[in-house]
1. Being assigned to a helix (DSSP H, G or I) and within 14 Å of another protein chain (Cβ to nearest Cβ) is the requirement here; does residue A:208 meet it?
2. Between A:349, A:335, A:339, which is buried (at least 24 other Cβ atoms within 10 Å of the Cβ), more than 21 Å from residue A:17 (Cβ to Cβ) and within 20 Å of the chain's Cα centre (by Cα)?
3. Considering every residue within region A:124-141, establish whether at least one is away from chain B (no Cβ under 14 Å), surrounded by 22 or more Cβ atoms within 10 Å (Cβ to Cβ) and touching a residue at least 24 places away in the same chain (Cβ under 8 Å).
4. Would you point out the residue of region A:55-80, among those that are buried (at least 21 other Cβ atoms within 10 Å of the Cβ) and either touching a strand residue (DSSP E or B) at 6+ places or on another chain (Cβ under 6 Å) or more than 29 Å from residue A:191 (Cβ to Cβ) (or both), that is farthest from the other protein chains (Cβ to nearest Cβ)?
5. So, in region B:37-55, exactly how many residues are in contact (Cβ under 8 Å) with a residue 24 or more places away in the chain and crowded, with 18+ Cβ neighbours inside 10 Å?
6. Working only within region A:282-310, note down all residues that are in contact with a strand residue (DSSP E or B) (Cβ under 9 Å, 6 or more places away or on another chain), in a loop (DSSP other than H, G, I, E, B) and farther than 19 Å from residue A:231 by Cα.
7. Check A:101, A:121, A:60, A:71 and return the single one that is more than 27 Å from residue A:139 (Cα to Cα) and not assigned by TED's automatic domain parsing to the domain that holds residue A:367.
8. Identify the residue in region B:11-36 that is surrounded by fewer than 18 Cβ atoms within 10 Å (Cβ to Cβ) and under 22 Å from residue A:134 (Cα atoms) and, among all such residues, is farthest from the chain's Cα centre (by Cα).
């Protein structure tokens with residue numbers, strides 16, 4: 001079977017408006033978390049007033065008319081997709097022949113929540129002004145397949161457009177589904193990833209009521225602290241990550257730069273509880289082992305795990321235990337959410353890119369704010385400074401409400 | 001009551017706002033679909049804004065008949 005290689009990537013995150021600035025920010029130990037900026041914070045009293053909002057406003061990047069036709073989650077997906085597409089060397093001048101047969105090109109991009117800010121704004125418009133105030137674009141702006149469909153229009157992808165929805169595992173599952181499509185030989189190139197921009201009063205309130213968010217409002221940059229004994233929940237974020245995945249033969253034939261290999265994937269489900277992870281970590285472990293097995297490797301080959309670890313009390317310890325049980329006590333861990341916050345549907349994609357770059361460049365970013373490791377975390381977690389380390393393989397974990405577990409395994 | 005020149009100028013501003021087309025491009029002889037590449041969703045937005053701006057009603061069956069910018073200017077002028 002063919003290999004699946006990564007030839008381009010793009011992102012827009014709380015650390016930067018593109019993938020390189022995000023990666024540089026992670027290595028430099030910057031935080032993307034700050035005081036929540038929104039017009040509604042004055043009138044709605046919530047116990048959380050911090051968030052990881054985008055470093056670069058999408059409306060400052062996109063032409064005005066394009067931006068007004070898209071939900072914010074669609075805007076960031078399109079921005080990241082444009083970067084990835086150009087990075088892969090697939091962008092051509094208008095009118096020139098495409099470098100990929102459009103019928104052999106697919107898009108798999110999803111969101112965890114989707115166009116909730118559009119739904120709220122348009123409901124307000126309807127209540128206040130009646131039917132005439134509702135934009136005819138409301139449905140394409142809020143539909144969960146909107147980001148994927150808009151990307152397909154940008155790049156003329158006619159080989160299928162799919163939008164997985166698995167909450168915080170969405171971005172990673174998108175890449176995993178892309179891997180399956182490419183392995184099956186159905187297409188040559190897939191643009192895959194995840195997006196989210198759902199910071200709204202109802203989502204923040206909902207996550208508060210589910211007892212998942214950090215309330216460290218007095219120290220926003222210290223709020224997201226995966227694996228630290230003082231952690232008290234995650235910080236909601238927004239952003240998108242998109243990769244270009246190709247069959248290796250196709251990429252080599254067109255002379256593409258290969259940044260790494262998506263060598264294996266695992267997708268499992270807990271069937272345990274609608275939000276709580278299985279305390280035994282069985283589903284998480286099976287996802288990691290499936291990624292190792294489909295890559296044709298052994299657990300001992302996995303030197304590094306880029307963790308889902310969101311900074312919740314239960315989740316982080318459970319993941320560390322699942323890693324130890326499934327892979328052993330040798331993998332070195334990191335958790336990018338300390339710096340990025342939790343990008344929900346975008347998280348798995350952005351963190352997948354981080355894991356890829358760790359393998360390519362031989363360096364693991366530190367877990368921001370990890371000062372006093374929880375004693376129940378028995379593995380080595382990079383803290384303080386990034387760690388240089390030659391890696392054969394790295395696993396990226398992403399888990400989501402609903403019991404979704406997705407693991408991606410990257411090699412050089 | 002706006003005259004046809006004022007209506008054309010006002011309509012061009014709406015088209016610029018909704019579809020990003022330079023106001024200078026929006027002349028009476030231009031077809032919304034064929035020349036200005038405006039899709040059906042944007043036409044609905046333009047009609048709603050024109051109704052508000054000029055105090056007219058543009059029912060859906062009438063909207064479908066307004067092929068060119070000039071058609072729209074004439075319709076608004078007669079019905080304002």
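The values are calculated or read from the model by the stated rules, or taken from the named source; none is laboratory data. Predicted model only: the values in this text are computed from it and were never measured. Here Cβ is always computed from backbone atoms with ideal geometry, including for glycine, and neighbour counts include all displayed protein chains.
1. No, not satisfied.
2. Going through A:349, A:335, A:339 in turn, the sole match is A:335.
3. No, there is no match, as no residue in region A:124-141 is away from chain B (no Cβ under 14 Å), surrounded by 22 or more Cβ atoms within 10 Å (Cβ to Cβ) and touching a residue at least 24 places away in the same chain (Cβ under 8 Å).
4. Among those that are buried (at least 21 other Cβ atoms within 10 Å of the Cβ) and either touching a strand residue (DSSP E or B) at 6+ places or on another chain (Cβ under 6 Å) or more than 29 Å from residue A:191 (Cβ to Cβ) (or both), it is A:80.
5. The number of residues fulfilling the criteria is 6.
6. A:295, A:296, A:297
7. It is A:101.
8. Taking the candidates together, the pick is B:20.
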